[in-house]
Amino acid sequence: MDALIFGYYGELLGKVYQDRLNTLPTVNEAVTAYRRIPTDIEGKFKGTMHFAKEVFSQIEDSCKSAPCSVLMFDIKVFSRIDHGLLERLG
């Protein structure tokens, strides 16, 4: 039942999330989580390996000309949301 509830609200929130990211070009380019970003192959979407390759390539290019720092973080919120709250919002 939890999976169905999270799936349902995840679908609803996913559209709002993507629409909001589309209004923030800089953020839209940086955020990869919980999105369906197409690849060059029709019907296929980028996964973790695609993003890792892009990040390591960008780090490599950026650090050639000057010292640089890399930050990585993960924000975990959705799994901690109260089910009752989700139902009331729906």
Helices (runs of 4 or more DSSP H) enclosed by the chain - at least 1 residues per element that are in contact with a Leu (Cβ under 6 Å, 6 or more places away or on another chain): 2-22, 25-30
Matching residues in region 34-90 - criterion: being among the polar types (S, T, N, Q), within 29 Å of LEU12 (Cβ to Cβ) and open to solvent by less than 100 Å² (accessible area, probe 1.4 Å): THR39, SER79
Residue within region 22-35 that is farther than 22 Å from PHE73 by Cα, more than 13 Å from the chain's Cα centre (by Cα) and without any contact (Cβ under 8 Å) to a residue 12 or more places away in the chain present: yes
Pairs, first under 15 Å from ALA30 (Cα atoms) and among the polar types (S, T, N, Q) in region 55-82, second at pLDDT 75 or above and open to solvent by less than 100 Å² (accessible area, probe 1.4 Å), C-beta under 9 Å, six or more apart: none
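The values are calculated or read from the model by the stated rules, or taken from the named source; none is laboratory data. Predicted, not measured: the structure shown is a model, and the values here were computed from it. Cβ: placed from backbone, ideal geometry, glycine included. Neighbour counts: every protein chain shown. Accessible surface areas use protein heavy atoms only, side chains included; no ligands, DNA or RNA. Shrake-Rupley method; radii C 1.70, N 1.55, O 1.52, S 1.80 Å.
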